[in-house]
Every structure is written in C-alpha cells, then in structure tokens.
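J.: Handing you this structure, nothing more for now.
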Amino acid sequence: MQKKQRMETAVIHAGYDSKQHLGSLSTPLFQTSTFTFDSAEQGEKRFAGEEEGYIYSRLGNPTVRTLEERIAQLEGAEMGLAFGSGMAAVSAVLVALTKAGDHVLCSRGLYGCTFGLLSMMKEKYNITHDFSYMKTEEELRRMIRPETACIFIETPINPTMKLLDLEMIARVSNEYGIPVVVDNTFSTPYLQRPLESGCDIVIHSATKYISGHGDVIAGLVAGKADFMKEVAMTTQKDIGGVLSPFDAWLLLRGLKTLPVRMDRHSYNAGKLLEQLNNHPLVKQVYYPGDDKNPDFAIMQRQMKQGGGVLAFEIVGSKKDAQKFLNELTFIKIAVSLGDAESLIQHPATMTHAVIPEESRLKMGITDQLIRISAGLEAWEDIWGDLEQAFTKVRDGSLEMKN
Ligand code: LCS
C-alpha cells in the first residue's frame, strides 16, 4: 500500500490510473455520452451491478471519476462526487438529507442561491431553517430541534468572512446524530479539511479556487461512502446535475496548482489587509487572517492561512460603494472568486441580493460592504488600483460637499 501523499503531491497524482491512461501524462478526456457493451448480456450485468464498467456518462465517466477520486483524497473522504455546479452539489446534498417537515440549522450567512434554495424548500416542502453563528455549545444545543436533519454551514461565510468552530460543532452534533455539512468553497482542502474536524460532508463550488481560472462552473461533494453512494444513486443520478467530462478535465488541470495559487492568494490578501486597515475611507475590514479579527483563534485552529477573499466596509453610502467599483481600472467588477484575476463585487446588490434586507443586515451584509477576491497579480498593482479608486471617491464626495 502506498503511503498517504501530502497535499502538494495529491493534487497532482491522486486518482491517476495508469492502466486507463495508456501512458498519457495528462488525464485522457473521455468526451462521450455513452459506453458500448460487447454483448446484450454484458449490458444486463452492468445494469445489475454484477460487472464493473461504465454504462452512460450521467452514471459515471472515467475523466470525471478521476476528479472524484482526487477530491476524496484531498478532503480525506471515502468517496467524492462531481456536479455541474456548486448549486447542483448543494441541492443534491440537501435534498438527500431532508424530507418534508424537517429542519436545517445553518450558519448566519450563506451564499445567496443556497439561501434561495432553502426558502424554496420551506415553501414547497415545509422544510424549515434557522440561522446561528453557533458561537457556543449552549447556543448550538438551543438551536437543535428534534426535527433537525442536518447542520449546513459555510466557514468562512460568504461574504462576511466570519468563521464557525468546526470541531465544536461536529462534536455536539455527533452527540445528536445530526450530520454536519460544510461548504468549503472559500478555503479549499489546502487551507481547511472539515472532515478531519469531525464533520460529515464537504461541498465545493469548484467554480472558484479548485478551477482557479474562471472558465468552469462545477461542484464537488466528499464524504462517507454510504451517504455518497446514496447521493450517487438518487439525487445525482435522478435529478441529473452531473459534470461534463471536459469540465472535469479542466478542473484536474486547475487542481495541480491549487497549493501554489492558494499561498499567493493568501499572501496578496494579507498585503491588502495591511493597506485597507490604514485607509481613512475604510470603516472595517473582515479577513480571517487578521490577528485583530475576533475569529482569529478559530482560524489558527482550523485553517492553514486566511485565504484570498476580504470584505470591507467603505465610508459613505451605497452610491459611494458603487462609485468605488466603477473607478477601478483592471480589477474586474464580477461575482465569483478564486480566479487569477482580482474580482470585486457588491454583495447587497449582487451575490446576496435575493436575501430580504432584514435578514441580509442581520448577516452583516450592509450597503457599504464590498467583497474582493485577491487575484494572483502583483499585490502592489492591486492595491494601486484600489487606492486610486478610493481617491476618486473621496474627491467626488468633496466636490459634492463644495
Ligand atoms: N457555495 C458558495 C459558498 C458559493 O460562494 C457559491 C457561488 C456556491 C456555493 C454555488 O456555486 P456555483 O453553482 O456558482 O458553482 N458563489 C458565488 C459568488 O460568491 N459569486 O458568484 C458565485
């Protein structure tokens, strides 16, 4: 048996099957919808599960399978599954874990479409949900109900960058037999491995850092084999939000540089933090790697570094926040994150616009909040662009006052 590989090695080699690859260094792209059988009897055996082998790409594809094995290894899971988007992954897991009348306990803050999905599940199936920072064991125990089917959290939370204590949440919820699902999109397995803290299921919008190049929409899930097989045979197969082989191929390519990219994203974010903290037009910066952040101790326990995303509140109004974005030169105004390009967005009117204002404000998403995904460019250039935009906002408000 081969020794368990380190992360930097596993992102490149995990799941590689030399027999299937015919010596090709790059994972072959099996761009096919279906697989031919040698005989009718072989088809029967494959469908009956009596013979190993591929049938149809919605049920499994060798390129996609390599990616699934790789993410499982990176997260320390028994099995991985790939989906056509992060939301396909989120919905496959939530639908598999719940039935009408159940309850889902969530972090106080979730990506807007996850919030939208939970709202729909409440309306259609009476699956209710609550939000909590789960700061203490007592708070967590108070929020758990007899009908709580799962705990679903993001940490860091998109876009407020607040953290939840994975080890404590896993310990308490395991007592109640409630599975903990962690959306690990912002951290990636390089920075945080929730299963090692005792959580049960990990989800990724692989569209972000796992891809790293802004050219794929994809989702990944990793967890115990029993649950993952159930998802594979139900919400993945029958709802059908599977990943295309070509997108899996792009993700396998992107993953090889994940550790190198995450180090650079985190470094750049740290540099931007120093600058933003000292800027008079910045009211507050939210970044897990900030040693003045109230969640810093949690970050030190469960994350390798602070990651590449920062949020900050600009002094002024929503209009000032929008003007700031409009004044940027090469930093792109775009939702998404984790790409080589620095991306900036206004959560209240973009990624989290579907959340009613009252809930949004309770989550800390004000009209002044701006989220930046630090790209891989030279940090001095990123800061230079932000700084000149701040100056233009300041000059604009001075003009208005005069
Ligand atoms: N989970 C998190 C934490 C996300 O940030 C996103 C997308 C998703 C799930 C859904 O993944 P998708 O289906 O888009 O692959 N977050 C986005 C964001 O913050 N900006 O644009 C999309």
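The values are calculated or read from the model by the stated rules, or taken from the named source; none is laboratory data. Fair warning: this is a prediction, and the values are worked out from it, not measured in the lab. Glycine gets a Cβ as well: all are built from the backbone with ideal geometry, and neighbour counts include every protein chain shown. Note: areas computed on protein heavy atoms with side chains; ligands, DNA, RNA excluded. Shrake-Rupley method; radii C 1.70, N 1.55, O 1.52, S 1.80 Å.
J.: Keeping all protein chains in place, calculate the accessible area per residue for the chain (probe 1.4 angstrom), answer in Å².
T.: Heavy-atom SASA per residue in the chain reads 44 Å².
J.: Which whole-number percent gives the relative contact order of region 148-211, counting Cα pairs below 8 Å spaced six or more residues apart?
T.: Values: 96 pairs, mean separation 21.4, N = 64.
Relative contact order, region 148-211: 33 percent.
J.: On a full-extension model of 0.36 nm per residue, what is the gain between D226 and T128, subtracting their alpha-carbon distance, rounded to one decimal in nm?
T.: Length gained, D226 through T128: 32.7 nm.
J.: Running a GNM on the chain with Cα contacts under 10 Å, which residue among Q388, Q20, Q42 ends up with the highest mean-square fluctuation?
T.: So, out of Q388, Q20, Q42, the one fluctuating most is Q42.
J.: Carbon and sulfur together cover what percent of the accessible area of the chain at a 1.4 Å probe radius?
T.: Values: 9290 of 17730 Å².
Of all accessible area on the chain, carbon and sulfur atoms account for 52 percent.
J.: Follow-up. Return the aspartates and glutamates within reach of K135: Cα separation strictly under 17 angstrom, same-chain partners fewer than 8 residues apart disregarded; answer none if there are no such residues.
T.: E154, D165, E167, D295
J.: How many angstrom lie between the C-alpha centres of region 30-45 and region 315-351?
T.: What the calculation gives is 49 Å, centre to centre.
J.: Give, rounded to the nearest 20 debye, the magnitude of the charge dipole that region 258-401 has about its Cα centre when Lys and Arg contribute +1 at Cβ and Asp and Glu contribute -1 at Cβ.
T.: 320 debye
J.: Which whole-angstrom value gives the distance between the alpha carbon centres of region 130-181 and region 236-256?
T.: 29 Å
J.: Determine how many Å³ per residue the convex hull of the Cα atoms of region 31-181 encloses.
T.: 154 Å³
J.: Which percent of Cα pairs goes in each bin when the distances of region 258-401 are cut into 5 angstrom slices starting at zero?
T.: Calculated P(r), rounded to whole percents: 2, 10, 19, 23, 21, 15, 8, 2, 1, 0.
J.: While we're looking at this one, here's another question. Just to be sure I understand the model, the point goes 7 Å from the Cα along the line to the Cβ. What's the resulting V354 to E44 distance in nm?
T.: Each label point lies 7 Å from its Cα, and together they span 4.6 nm.
J.: Now for a different question. How big is D for region 166-218, in µm² s⁻¹ as a whole number, if Stokes-Einstein is applied with the Kirkwood radius of its Cα pairs at 25 °C and 0.890 mPa s?
T.: Calculated translational D: 208 µm²/s.
J.: Next up: For region 170-262, just the Cα atoms, rotate onto the principal axes and tell me the three extents in Å, largest first.
T.: On the principal axes, region 170-262 reaches 41, 33, 16 Å in Cα extent.
J.: Give me the base-10 log of I(q)/I(0) for region 240-319 at each q in 0.13 Å⁻¹, Debye formula, one uniform scatterer per Cα, rounded to two decimals.
T.: Ignoring solvent entirely, the Cα scatterers give -0.58.
J.: Give me D for the chain in µm² s⁻¹, whole number, from Stokes-Einstein with Rh from the Kirkwood sum over alpha-carbon pairs, 25 °C and 0.890 mPa s.
T.: In µm²/s, the coefficient is 111.
J.: P(r) for region 108-157, please, calculated from all Cα pair distances in 10 Å bins and given in %.
T.: Spelled out bin by bin, region 108-157 gives 22, 54, 23, 0 percent.
J.: Which residues' amide hydrogens lie under 5 Å from the amide hydrogen of K283, considering only partners 5 or more residues apart or on another chain, with H built in the peptide plane?
T.: E313, I314, V315
J.: For region 75-118, what does the convex hull of the Cα positions come to per residue, in cubic angstrom?
T.: Hull volume normalised by residue count: 111 Å³.
J.: While we're looking at this one, here's another question. Give me, ordered by chain and number, the residues 5 or more places off A206 or on other chains with an amide H under 5 Å from its own placed amide H.
T.: Those qualifying (amide H under 5 Å, at least 5 residues apart or on another chain) are G86, A218, G219, L220.
J.: Please grab the % of Cα pairs in region 35-103 that end up more than 20 Å from each other.
T.: Tail fraction, whole percent: 48.
J.: At 222 nm, what helix-only mean residue ellipticity would the chain give, in deg cm²/dmol to the nearest 500, using -39500 (n - 2.57) for each DSSP H run of four or more? Provide the component values of the computation, followed by the final result.
T.: Numbers: 16 runs with 165 residues, N = 402.
Result for the chain: -12000 deg cm²/dmol, rounded to the nearest 500.
J.: Working out 0.36 nm times the residue gap between T234 and D381, then minus their Cα-Cα distance, what length gain in nm do you get to one decimal?
T.: Gain on extension, T234 to D381, equals 48.1 nm.
J.: Once fully extended, how much extra length lies between K19 and Q388, figured as 0.36 nm per residue of separation less the alpha-carbon to alpha-carbon distance?
T.: Here the answer is 127.3 nm.
J.: Expressed as a fraction of 2.2 N^0.38 Å, the rule-of-thumb size for a compact globular protein of N residues, what is the C-alpha radius of gyration of region 348-402?
T.: 1.50
J.: Put +1 on the Cβ of each Lys and Arg and -1 on the Cβ of each Asp and Glu in the chain; which of A389, L310, Q73 then has its Cα farthest toward the positive end of the dipole?
T.: Of the candidates, A389 comes out farthest on the positive side.
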